Amino acid sequence: MTLPLTPERAIALRRMTEADLTEVMQVECEAYAVPWTEGIFRDCLRASYYCLVADRAGRLIGHAVMSVAAGECHILNLCVAPSHQGRGLGRQMLRRVLALARQREADTAFLEVRASNQGAIRLYQAEGFDEIGLRKGYYPSSDPSADPNRDGREDAVLMARAL
């Protein structure tokens, strides 16, 4: 049974600020075995990338980072707190950043996703992304024995869609 959204359950999507970074890092570390660093997020803010947070009752439960240049958008990070996954928040954030990319006149969206992240791959496919390549050993892995031929690195599936 899905509960109706009430003001205390409503999710606000808004621009990320430096003041959000402590909570962003908490979500990032909960969700990923090899998280981005605070410095990476800080650099994205300084570079004027579009950085979004999902705020539920004053608590951050997700974030997204996207760059737009030369008619292309690159979704660099899309993260939902594990306790809130599977409820449509990732799809909601993805649609928001893609809408912004269209407003900024991007005509193509690109992203990389861990080959093992089948839930995210299914989401991206459902939202019109197609696999266009594979980056061998792209991601560091927290499990060095994951693939002994790649020194503990994991492949990335490269995906794209027209906007």
Pairs under 9 Å by beta carbon, first residue surrounded by 15 or more Cβ atoms within 10 Å (Cβ to Cβ) in segment 134-149, partner outside any helix (DSSP H, G or I) and modelled with pLDDT under 65, six or more apart or different chains?
Gly137/Asp147; Ser141/Asp147
Quick count over segment 89-113, residues being touching a residue at least 60 places away in the same chain (Cβ under 8 Å), of a type in the set (A, V, I, L, M, F, W, C) and out of contact with any Gly (no Cβ under 8 Å at 6 or more places or on another chain), is 2
Please identify the pairs in which a residue from segment 29-57 that is touching a residue at least 24 places away in the same chain (Cβ under 8 Å) has its Cβ atom under 9 Å from the Cβ atom of a residue that is part of a helix (DSSP H, G or I) and among the hydroxyl-bearing types (Ser, Thr, Tyr), counting only partners at least 6 apart or on another chain.
Glu30/Ser83
Among (1) farther than 22 Å from Arg114 by Cβ; (2) surrounded by 13 or more Cβ atoms within 10 Å (Cβ to Cβ), the one test that Thr17 misses
(2)
Listed by first then second residue, the pairs whose first member lies in segment 69-88 and is of a type in the set (Ser, Thr, Tyr), whose partner is in a loop (DSSP other than H, G, I, E, B), with beta carbons under 7 Å and at least 6 positions apart or on separate chains, are none
Taking only segment 75-133 into account, find how many residues are among the polar types (S, T, N, Q), part of a helix (DSSP H, G or I) and farther than 16 Å from Ile11 by Cβ.
3
So, in segment 51-74, how many residues would count as being hydrophobic (A, V, I, L, M, F, W, C) and in a loop (DSSP other than H, G, I, E, B)?
2
Selection status of Gly128, loosely packed, with under 13 Cβ neighbours inside 10 Å, under 19 Å from Leu76 (Cβ atoms) and modelled with pLDDT of 95 or more
no
State which residue is surrounded by the most Cβ atoms within 10 Å (Cβ to Cβ) when the search covers only segment 86-115 and only residues that are at pLDDT below 95 and under 14 Å from Met159 (Cα atoms).
Arg114
Residues that are crowded, with 17+ Cβ neighbours inside 10 Å, more than 12 Å from the chain's Cα centre (by Cα) and not β-branched (Val, Ile, Thr): does segment 23-32 have at least one?
yes
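The values are calculated or read from the model by the stated rules, or taken from the named source; none is laboratory data. This is a predicted model, so every value here is computed, not measured. With ideal geometry, Cβ positions are generated from the backbone for all residues, glycine too; neighbour counts draw on all protein chains shown.
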